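J.: The following block contains the structure, expressed as structure tokens.
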Amino acid sequence: MIGATEPRVTTRPVERPASGGLSDRTLALLLVAPAALLLLGFSVYPFIQAAWDSFFRIPFQTREATWVGLGNYESVLKDPMVRDAFGRSIVWTIANVVIQTVLGVIMALVLNQKLRGRDMARGLVLFPYMVPAIVVAMVFRFTFNDITGIVGYLLGQAGVEQPPLFLADPTIALWTVVLVNCWKYTPFITIIVLARLHTVPQDLYEAAKIDGASPWQMFWHITMPWIRPVLLVALLLRTIWTVNDFDVIYLLAFGGPLNATTTLPIEIRALAYGQQDMGLASSLAVLMAIGVALISFIYLRLYLRAEEKLS
């Protein structure tokens, strides 16, 4: 028929075998399999086991499980020590995340400027983050020591008659540990934000300067929207890690003095090895995991909104 067009025949691309005779899909599954197995072995299985143990009373010595149903959850929620630890965990997490975010963004903005010695400064910023937690704890325990600490000595030389007992005073012990933790983990925020700043189109700043925008207006309307998605991802990771943080806070103060630095992870250890009941510890761990999952969901929603506004 004149003028008629032949129908187009669409064919699916043929999945050709990769080198060695394996298809792309098979090769991809093989490459992902080790990470998936590690995830199942070190994350999924322990959580499932903890969730199952939370319905039993399990003495640490005998390991003879006794079914109690939701009794462990009821006991944990009514325990005043757990409630106090929950409040400290909120203060601990918010203080760390806020301070690390503010300092990290400021440091990233400074290191993004064309300053003398910038490359050396960028390398030095990584130093605290690379130091192992045990080393950080040992150094700062000596630094804040009541008798031989360098901080107390310097304060005494400056005229302070009675320097504060940084790790022995219940009113300031938690904030001392927050200070140490921020020193170690602020570079994480700095690195991520600094990497994102390198991708900001310079044409936006030039157009803003022509329009007479101030430095604050350029930061708030150009820089901040551009770094917000990456910053939210960094905040999500730091929130999860800070809520579950155990090493720095425990090695510095061991949960004391007078439980002033006992957060939920340390309370879980106390339930497991102090009260010697793995069921109670597992129930509190499951409640923590649920709370972290809810926080992560909120962060992800904010991240998607930030990406939509940027696009």
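J.: What Kirkwood hydrodynamic radius do you get for segment 169-258 when you take the inverse of the mean 1/r over all pairs of distinct Cα atoms, in Å?
T.: Values: mean 1/r = 0.0635 Å⁻¹.
Hydrodynamic radius (Kirkwood, Cα only) of segment 169-258 equals 15.7 Å.
J.: For Phe56, enumerate residues with amide H under 5 Å from its amide H, sequence gap 5+ or separate chain, H modeled in the peptide plane.
T.: Placed amide hydrogens put Val68 under 5 Å from Phe56.
J.: Let me ask another. For Met130 and Leu310, what does the FRET efficiency come to when R0 = 25 Å and r is the distance between their Cβ atoms, rounded to the nearest 0.05? Before the final figure, lay out the partial values.
T.: Numbers: r = 31 Å, r/R0 = 1.26.
Approximately 0.20, to the nearest 0.05.
J.: For the chain, the longest stretch holding no GluC sites (Glu not before Pro) located in a DSSP loop with at most 16 other Cβ atoms within 10 Å is which? Spell out each step's value before the answer.
T.: Numbers: sites that count: Glu15, Glu64, Glu161.
Result for the longest clean stretch: 162-311.
J.: Using the count of nearby Cβ atoms within 10 Å as a rough guide to exposure, how do Ser282, Ser296, Ser311, Ser75 rank from fewest to most?
T.: Ser311, Ser296, Ser75, Ser282
J.: For a Förster distance of 45 Å, can you work out the FRET efficiency between the beta-carbons of Arg269 and His198, rounded to the nearest 0.05? Walk me through the numbers on the way to the answer.
T.: Details: r = 42 Å, r/R0 = 0.92.
About 0.60, to the nearest 0.05.
J.: Using just the Cα positions, wrap segment 185-311 in a convex hull and report its mean projected area in square nanometres, one decimal place.
T.: Working: hull surface 40.6 nm².
So the Cα hull casts an average projection of 10.2 nm².
J.: Another one. Mind checking which of Phe219, Ala168, Trp67 is farthest towards the positive end of the chain's charge dipole, using Cβ charges of +1 (Lys, Arg) and -1 (Asp, Glu) about the Cα centre?
T.: Phe219
J.: Continuing with the same structure: If you put +1 on each Lys and Arg Cβ and -1 on each Asp and Glu Cβ, how big is the dipole of the chain around its Cα centre, in Debye rounded to 20? Write out the running numbers ahead of the final one.
T.: Working: 23 positive and 21 negative charges, 142 e Å.
So the dipole magnitude of the chain works out to roughly 680 debye.
J.: I would also like to ask the following. Can you give me the pair-distance distribution of the chain, C-alpha pairs, 20 Å bins, whole percents?
T.: 23, 45, 26, 5, 1, 0
J.: By count of other Cβ within 10 Å, fewest leading, how are Trp52, Trp216 ordered? Present the calculation step by step, with values, prior to reporting the outcome.
T.: On the way: Trp52 13, Trp216 8.
The order, fewest Cβ neighbours first, is Trp216, Trp52.
J.: In the chain, which whole DSSP H runs stretch at least 20 Å along their own axis (Cα) and average 1.6 or higher on the Kyte-Doolittle scale? Let's see the in-between values first.
T.: Values: long enough: 24-39 (23 Å, 1.73); 80-111 (46 Å, 1.43); 173-197 (36 Å, 1.43); 224-243 (27 Å, 1.44); 278-310 (47 Å, 1.28).
Qualifying helices, which must be both long enough and hydrophobic enough, are 24-39.
J.: Next question, about the same structure. For segment 267-311, report the translational diffusion coefficient in µm²/s to the nearest whole number, using Stokes-Einstein at 37 °C, 0.692 mPa s, and a Kirkwood Rh over Cα pairs. All intermediate terms of the calculation are to be shown ahead of the outcome.
T.: Values: Rh = 12.4 Å.
Once the numbers are plugged in, D ends up at 265 µm²/s.
J.: Still on this model: As an exercise, identify the trypsin sites (Lys or Arg not before Pro) in segment 52-89 lying in DSSP coil whose Cβ has no more than 13 other Cβ atoms within 10 Å. Before the final figure, lay out the partial values.
T.: Details: sites: Arg57, Arg63, Lys78, Arg83, Arg88; in loops: Arg63.
Of the trypsin sites (Lys or Arg not before Pro), the ones in loops of segment 52-89 whose Cβ has at most 13 other Cβ atoms within 10 Å are Arg63.
J.: So, one more: Under 5 Å between amide hydrogens, which residues at least 5 positions from Leu126 or on another chain qualify, with H placed 1.01 Å from N in the peptide plane?
T.: Hits under the 5 Å cutoff: none.
J.: Let me ask something else about it. Using the count of nearby Cβ atoms within 10 Å as a rough guide to exposure, how do Leu204, Leu38 rank from fewest to most? Don't jump to the answer; show the numbers that get you there.
T.: Numbers: Leu204 16, Leu38 10.
Final ranking by Cβ density, sparse to dense: Leu38, Leu204.
J.: Considering the chain as a Gaussian network with a 10 Å cut-off on Cα pairs, which listed residue, Leu237, Leu31, Leu197, attains the greatest mean-square fluctuation?
T.: Leu31
Read-outs throughout are calculated quantities, based only on the coordinates presented, and are distinct from any laboratory measurement. From a predicted model like this one, the values you see are computed outputs, not experimental measurements. Note: ideal-geometry Cβ built from the backbone for every residue, glycine included; neighbour counts use all protein chains shown.
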